[in-house]
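First up is the structure itself, then whatever we jot down about it.
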Amino acid sequence: MAKKTRATTPEIMRSKGVYDVIIVGARCAGSPLAMLLARNGLHVLLVDKAEFPSDTLSTHLLHPPAIDALRRWGLFAALDSVGAPRLDKLVWRYQDIEVSGFPWNPYDVDHVYAPRRYAFDLMLLEEAIKAGAEFRSRFVVDDLVVSRSGSVVGVQGHGPRGQRTIERASLVIGADGVRSVVANKVGAATLREDPGKTCSYYSYWADLDKSEIEMWPGFWTGYGILPTNNGLTTVSVGFPRSRFDEVRKDAIGNFMAVIRTISPDFAEKLDSAERTERLYGMVNHPNYIRQRYGDGWALAGDAACHKDPITAGGITDALLDAEALSVAILTGLDGTYPLAQALGQYETQRNTSLASFFDMTVEAASLTPPDEPTLEYMRALQKNRTEADRYFSVGSYVLPTEQVLTPDRMSSVIQGAG
Ligand SMILES: Cc1cc2nc3c(=O)[nH]c(=O)nc-3n(C[C@H](O)[C@H](O)[C@H](O)COP(=O)(O)OP(=O)(O)OC[C@H]3O[C@@H](n4cnc5c(N)ncnc54)[C@H](O)[C@@H]3O)c2cc1C
């Protein structure tokens, strides 16, 4: 199945194998893609510059579509054993308003998880290897190998001892995150873009005894709570990016100041609880959707679309990308469709289905405090569990905003509560 285009990089060692697919990046996008392709008999090389298990800068909420995908792939038991608690309640709090529920979804998913990335990513990688993918850790892809006709035919990289290697494949996938080398080297076009609006900080606390996902919007800030592995609770705070230089000077002081302003009781609990890790901070949260394929290459996960973490959708989207891209590659390489047509369908399908969530995320990243009509709606949701569940389905990547938060629907919820 692999095509044999000649590349010209004579000074570099070449391996003997020619793969169907080389995947750069072995986390939420790369490992499930490798697993799904290898399960279908493709010769897959998966590489990552990281060693596993290892953490990455990210909190870890999986929305219902992610749980559904993992279940479809037969990984539900593996997910359950990763060690994060089952979470079956979301709470939104603002001043005197408290709305709780669980996102309505068509998949019968009744709980989600927020597993630590070192454990979740390792589980995905182990499943890829179990399926037959060849994995190389501490392998840095430095460049792509391009044929005389301009088609990507492989990667050039180096291993831990600096040995430079070239590997070839019919298709090279960039699942290599927000600073994707593959996207940069092929010059993938940016189809949509919105500048990063927030910076965020998070850490882990012991003994907070939290079992719910909590969201606490504030005044141009906000914080969130996610129970995770080993009885720890992740607490994250978002600030406007314009404040980054000021916030970083005393990150923990500013972090606690936001929580103290929004909920003094919880701030007091945090003050007396043990913080088990340092405060992690990040300022680079760009929002973009890229061209997803070209001659000999395709992108998945953050390499293809990156969104502000405020709606916690990147992992869910990376898993869904992996599945849709695997279908395109399998049908394209076995000749069911021309590969370019199959990859074109992948691009259209994914960019269309995530467009509304992209818009919602950009809007949420403005950290605008809820206005009075929104507060009236949220007050009404306190007495309407069915509609509260539909509201949560928007932020959970299940229903697009335009199916739930319409003026008509919101006003009928408000009237129903009156
Ligand atoms: C603060 C923060 C909080 C977040 N919280 C959530 C959340 O709660 N829920 C959620 O769904 N999403 C969240 N996200 C987003 C989520 O982390 C990403 O969307 C997700 O990790 C994307 O997965 P990926 O596989 O595409 O990329 P990544 O997870 O970035 O993996 C890319 C991999 O590629 C490898 N790589 C990169 N370049 C090379 C190279 N040249 N050679 C070899 N390997 C390479 C890297 O080592 C890495 O392992 C958050 C992000 C941030 C920053």
Positions within region 28-74 being open to solvent by 40 Å² or more (accessible area, probe 1.4 Å) and of a type in the set (D, E, K, R), in sequence order: Arg39, Lys49, Glu51, Asp55, Arg71, Arg72
Residue within region 89-103 that is crowded, with 19+ Cβ neighbours inside 10 Å and assigned to a loop (DSSP other than H, G, I, E, B) present: yes
Options Tyr288, Tyr293, Tyr280, Tyr337: the member that is open to solvent by 20 Å² or more (accessible area, probe 1.4 Å) and within 14 Å of the ligand (Cβ to nearest atom): Tyr280
Residue satisfying all of: in region 179-200; part of a strand (DSSP E or B) and not hydrophobic (A, V, I, L, M, F, W, C); nearest to the ligand (Cβ to nearest atom) among these: Ser200
Scope region 286-342; condition of a type in the set (Asp, Glu) and more than 18 Å from Thr59 (Cα to Cα); matching residues: Asp295, Asp321, Glu323, Asp334
Filter result for the condition that a residue is at negative phi, without any contact (Cβ under 8 Å) to a residue 24 or more places away in the chain and open to solvent by 20 Å² or more (accessible area, probe 1.4 Å), over Glu376, Glu372, Glu347: Glu372
Residues of region 177-202 that turn out to be on the phi > 0 side of the Ramachandran plot and surrounded by 14 or more Cβ atoms within 10 Å (Cβ to Cβ), as a count: 1
Residue count, region 58-85 (criterion: near the ligand (Cβ under 9 Å from one of its atoms) and touching a Phe, Trp or Tyr at 6+ places or on another chain (Cβ under 6 Å)): 3
Scope region 1-58; condition modelled with pLDDT under 95 and part of a strand (DSSP E or B); matching residues: Met13, Arg14, Ser15, Lys16, Gly17, Val18
Helices (runs of 4 or more DSSP H) fully within region 327-418 counting 3 or more residues that are among the charged types (D, E, K, R), closer than 23 Å to His285 by Cα and modelled with pLDDT under 95: none
Boolean, Asp302 is open to solvent by less than 20 Å² (accessible area, probe 1.4 Å), in a helix (DSSP H, G or I), of a type in the set (D, E, K, R) and near the ligand (Cβ under 9 Å from one of its atoms): no
Where a residue in region 98-115 is touching a residue at least 60 places away in the same chain (Cβ under 8 Å) and its partner, wherever it lies, is surrounded by fewer than 18 Cβ atoms within 10 Å (Cβ to Cβ) and not in a loop (DSSP other than H, G, I, E, B), with Cβ under 6 Å and at least six apart: Ser100/Val91; Gly101/Arg385
Residue among Ala84, Ala119, Ala77 that alone is closer than 30 Å to Tyr202 by Cβ, open to solvent by less than 60 Å² (accessible area, probe 1.4 Å) and assigned to a helix (DSSP H, G or I): Ala119
Qualifying residue in region 203-219 (condition: surrounded by 17 or more Cβ atoms within 10 Å (Cβ to Cβ), closer than 21 Å to Gly101 by Cα, of a type in the set (Ser, Thr, Tyr) and not assigned by TED's automatic domain parsing to the domain that holds Leu325): no
The one condition in (1) at positive phi; (2) surrounded by 22 or more Cβ atoms within 10 Å (Cβ to Cβ) that Phe392 fails to fulfil: (1)
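The values are calculated or read from the model by the stated rules, or taken from the named source; none is laboratory data. Nothing here was measured: the structure is a model prediction, and the numbers come from that model. Neighbour counts are summed over all protein chains in view; Cβ atoms, including those assigned to glycine, are modelled from backbone coordinates with ideal geometry. Just the protein is used for accessible areas: all its heavy atoms, side chains included, with ligands, DNA and RNA removed. Shrake-Rupley method; radii C 1.70, N 1.55, O 1.52, S 1.80 Å.
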